[in-house]
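Asks: Submitted below is the structure of interest, expressed as structure tokens.
The values are calculated or read from the model by the stated rules, or taken from the named source; none is laboratory data. Computed from a predicted structure; not experimentally measured. Methodologically, a virtual Cβ is constructed for each residue, glycine included, from the backbone with ideal geometry; neighbour enumeration extends over all protein chains shown.
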């Protein structure tokens, strides 16, 4: 069994109206610690607002050249097959992924670092910026899915603080 750390970028916050524009997934073999990266940009078939474009550091011109997510679903599903999925803000990430992937991920075992962080820091915001500062993790200035999935294993380890956690 492998763990896969997942991060996504979207055109907005509503999985009903918005689309996934980037997925990064870092697979780590539990025995060998070998890491494999899946990374893909997608054409959302809609324009990014200037605000969203600034947040995700992507342009409409660039995204229009990328494949549509439906053209790459099988590649992603093969990559994550039979793995535990670990992400920050599972409700947000899984709502988008399940919509885009026709609920193929609905029965996967998951870990939500946001849920774990709320237990450790119950009175704080627990967004990634806060957690990276609070746990003394260095974060690349430029926010990206690839940076996030490379840091999520460290974040999870620090949040757990050597406590046993349950994959649900």
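Asks: Considering only residues of the range 126-168 that are modelled with pLDDT of 90 or more and part of a loop (DSSP other than H, G, I, E, B), which is surrounded by the fewest Cβ atoms within 10 Å (Cβ to Cβ)?
Replies: Result: 127.
Asks: Just name the residue that is nearest to the chain's Cα centre (by Cα) out of those in the range 60-72 that are within 11 Å of residue 42 (Cα to Cα) and assigned to a helix (DSSP H, G or I).
Replies: It comes out as 69.
Asks: Pull up the range 84-122, narrow it to residues that are under 20 Å from residue 27 (Cβ atoms) and out of contact with any helix residue (DSSP H, G or I) (no Cβ under 9 Å at 6 or more places or on another chain), then point me to the one that is surrounded by the fewest Cβ atoms within 10 Å (Cβ to Cβ).
Replies: Among those residues, the one meeting the criterion is 107.
Asks: A further question follows. Among 54, 12, which is out of contact with any strand residue (DSSP E or B) (no Cβ under 8 Å at 6 or more places or on another chain) and not in a helix (DSSP H, G or I)?
Replies: 12
Asks: What's the number of the only condition in (1) in a helix (DSSP H, G or I); (2) closer than 23 Å to residue 131 by Cβ that residue 4 fails to meet?
Replies: Result: residue 4 passes all but (1).
Asks: Can I ask one more? Considering only the range 83-97, state which residues are in contact (Cβ under 8 Å) with a residue 24 or more places away in the chain and either out of contact with any strand residue (DSSP E or B) (no Cβ under 8 Å at 6 or more places or on another chain) or assigned to a helix (DSSP H, G or I) (or both).
Replies: Within the range 83-97, 90, 92, 93, 95, 96, 97 meet the criteria.
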